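Trainee: Sending over a structure as structure tokens; questions will come in a sec.
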Amino acid sequence: MSSMSITTASHVYTDNRPAAEQDDAKVSIIPENTEVKCSGKYFLSKKTPFDYADDDLLFQDGTGVDFFNGEDWMRFLNKETFSFTPKNILDIGDELEYGTDYYIYLCFSGIKPELCISKNATYPTGFSSLTSRKIGFFHYGTVRKVSDDGRWIPIDSNGNKFGTQGTTWQQNVTKGVLPNSIGDLKNRPRVYIPGMARIGNSWVCIYEMSIKEQVTFMDGVKGLPVTNGTLKSAYGAIPATGTEGLNQYNFNELARMQGLRLTHYAEWLSAAFGSPQGLDNSDNYGWTKTGNTARTFTGCSIDISNGQYSINGTKSYAVSAYNICDCAGNVWEWQDDYCIRQDSTSWGWYNVLGANQGQAYLPNSLGLTAFICGGYWGGGLHCGPRCVHLSNYPWYVHASIGARFACDAA
């Protein structure tokens, strides 16, 4: 735990009803009708984003956070910018775990508020929903070293953009807090799921999507509309593909159910920028070796026998400049982009969309294609941060094609 330079506001807004009878309308009496007051676009950030030996975070001054303790509404105001070391204020343990999401809590015990970091998404160990308030989050994993000019260009160990001196840019990665994964009550995705990082005005899943809740289909037929299921962005998971019966339409449906969407090609290019090209004879830069025969676990430095982190694991450098993993290889990723493959003039109605799903008016029975990007497990040198394939129709169910979700910033 660590105490902070935060004090209660001069006014306390009281509601004497039991907590179960409270509702969100009560927030309307708080000044400015908001849950956080912040002068900038965020109040939590990495202290030195391009100092890779330092994982300290900053809490900006002038930030006011509303807090409800079951009886009273209070506003805690931070009057001075201060830094804190996440591993020093963990609720359990003293080291951050690789491939893990953490949550930043404002906690109240006694007369002073404190910050606490926890893997728990509800409240930290030792506190409750009435003595803590979640105010931020971050992901701890593989970080690619990039230029400190704000352009996020991969650098070698001598600081040269796309350089080859010392440690080449492809291999110049480390472990740490992903600076663009840090979010707070103001700087956050429109819909949050664990394992996301910000790129421009979008939040993109760090890992290829995998199964969280089993996916089921209309009439029990794979490829028909999804009736249930949830996907996740997680380290050390097997990516969901056509093996689970999913086509591009299904990934669209699953994304919508979670308030997310498939990435667009231009958006995917931004996320994948700075990923090394795959190799024919090695899996260092991605799961791309031409002898591979199936998908593997998501993330860098993976022990492919169990999906756990290993310092000598596979795919040591399979991360982009924006810290997005597996952009080259493992499985293809469906995009939310389409084109027409007009290699004939036999325009007509084709019953190709699945039972009871209507028909498609196309130049041929496979004339509509959806983009897939990145490459797959045996793609070798074809795989990379601009790799795109335009011959797969969206109702195609194939074991090598998965997806990555995104959403707009709030």
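The values are calculated or read from the model by the stated rules, or taken from the named source; none is laboratory data. Just so it is clear, the model here is predicted, and its values are computed rather than measured. Every residue, glycine among them, receives a Cβ derived from its backbone with ideal geometry; neighbour counts consider all protein chains shown. When the accessible area is computed, the model is the full protein with side chains, heavy atoms only, and any ligands, DNA or RNA have been set aside. Shrake-Rupley method; radii C 1.70, N 1.55, O 1.52, S 1.80 Å.
Residue-by-condition table, conditions (1) within 20 Å of W395 (Cα to Cα); (2) open to solvent by less than 30 Å² (accessible area, probe 1.4 Å):
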| site | (1), (2) |
| --- | --- |
| Y192 | no, no |
| M218 | yes, no |
| V221 | yes, no |
| L224 | yes, yes |
| N228 | yes, no |
| K232 | no, no |
| G242 | yes, yes |
| Y249 | yes, no |
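Trainee: Which of the residues that make up segment 128-152 are part of a loop (DSSP other than H, G, I, E, B), touching a residue at least 12 places away in the same chain (Cβ under 8 Å) and open to solvent by 30 Å² or more (accessible area, probe 1.4 Å)?
Mentor: L130, T131, K145, D148, W152
Trainee: Could we say that T298 is hydroxyl-bearing (S, T, Y) and at pLDDT below 95 here?
Mentor: no
Trainee: Of the residues S282, S210, which is of a type in the set (S, T, Y), surrounded by fewer than 24 Cβ atoms within 10 Å (Cβ to Cβ) and without any contact (Cβ under 8 Å) to a residue 12 or more places away in the chain?
Mentor: From the options S282, S210, the qualifying one is S282.
Trainee: Hey, can you tell me all the residues within segment 63-120 that are more than 25 Å from N323 (Cα to Cα), open to solvent by 10 Å² or more (accessible area, probe 1.4 Å) and among the β-branched types (V, I, T)?
Mentor: Matches in segment 63-120: T81, I92, I111.
Trainee: Output the number of the condition that L57 fails; it satisfies all remaining conditions of (1) open to solvent by less than 30 Å² (accessible area, probe 1.4 Å); (2) modelled with pLDDT under 50.
Mentor: (2)
Trainee: Of the residues K46, K41, which single one is buried (at least 16 other Cβ atoms within 10 Å of the Cβ), under 23 Å from the mean Cα position of the chain (by Cα) and modelled with pLDDT of 90 or more?
Mentor: K46
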